[in-house]
Amino acid sequence: VSVVYTGPASVVRTKVEPDIDRGLVVVRTSVRNNGAQQAQVTLRQQVRDWQGDQWLSQAQPLTVTLPAGATETVVQEVPLADFRLWSPEQPHLYVAQTTLEQEGQPTDDRATRFGMRKVEWRAGEEKGFYLNNQLYYLRGTNIALHRFFEDADRGALPWDEAWVRQLLGGYMKDFHWNSFRFHVGRA
């Protein structure tokens with residue numbers, strides 16, 4: 001449970017859509033005016049490496065007028081030169097920092113982690129799964145972890161961090177897998 005304090009205008013949600021072909025990210029931000037009066041807000045987008053503190057790029061600030069009680073989705077493009085592609089072998093991540101300002105003061109913000117990647121299924125002669133415009137073979141397994149919970153001999157293993165790390169990371173490398181999926185319940 002979280003308690004989030006914002007001003008009268010707030011960020012409802014942020015969706016980041018990487019576009020590796022054009023070298024940018026499209027950020028769709030839903031903003032809401034919770035006040036009883038019309039509000040003019042400014043939306044700012046910045047991108048940085050997930051574990052870095054240097055801003056790599058930013059979009060032009062965009063000012064929007066919101067009627068009282070209204071929610072609007074604002075679309076902004078943030079160019080990202082010299083980006084690193086995300087893949088299971090090199091899972092490089094970025095953060096899009098969304099800041100909403102009203103009368104020059106921050107009223108809400110949101111950090112959204114994402115990877116620069118493109119995923120598609122193709123049909124026809126080039127059919128298959130493509131990652132970052134390259135044919136990519138998925139090799140892995142299914143994990144029915146909830147069936148394991150029924151085993152009385154499991155003890156505390158599902159809550160042991162070292163055991164979970166070995167299950168989700170070590171075995172994948174040992175068997176040269178690049179994917180797995182959970183079924184029969186949530187991970």
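The values are calculated or read from the model by the stated rules, or taken from the named source; none is laboratory data. Given the structure is predicted, the values throughout are model-derived calculations rather than measurements. Cβ atoms come from the backbone with ideal geometry, glycine included; neighbour counts cover every protein chain shown. What goes into the accessible areas is simple: the full protein's heavy atoms, side chains included, and nothing from ligands, DNA or RNA. Shrake-Rupley method; radii C 1.70, N 1.55, O 1.52, S 1.80 Å.
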> For the stretch 167-186, which residues satisfy the criterion of being without any contact (Cβ under 8 Å) to a residue 60 or more places away in the chain, touching a helix residue (DSSP H, G or I) at 6+ places or on another chain (Cβ under 9 Å) and under 8 Å from Gly140 (Cα atoms)?
Replying inline: Trp177, Phe180
>> Suppose we filter Val41, Val3, Val11, Val31 for residues that are free of Cβ contacts under 8 Å to residues at least 12 places away in the same chain, hydrophobic (A, V, I, L, M, F, W, C) and over 30 Å from Leu131 (Cα atoms); which single one remains?
In response: Val3
> Which one is nearest to Gln90 (Cα to Cα) among residues in the stretch 148-187 that are in contact with a strand residue (DSSP E or B) (Cβ under 6 Å, 6 or more places away or on another chain) and open to solvent by less than 70 Å² (accessible area, probe 1.4 Å)?
Replying inline: Ser179
>> Filter the stretch 11-38 down to the residues that are closer than 13 Å to Val74 by Cβ and more than 19 Å from the chain's Cα centre (by Cα) and list them by number.
In response: Arg32, Asn33
>> So Arg22 ticks every box in (1) assigned to a strand (DSSP E or B); (2) open to solvent by 20 Å² or more (accessible area, probe 1.4 Å) but one. Which box is left unticked?
In response: (1)
>> For the stretch 168-183, check the following and say yes or no: at least one residue is under 22 Å from the mean Cα position of the chain (by Cα), closer than 30 Å to Gln37 by Cα and hydrophobic (A, V, I, L, M, F, W, C).
In response: no
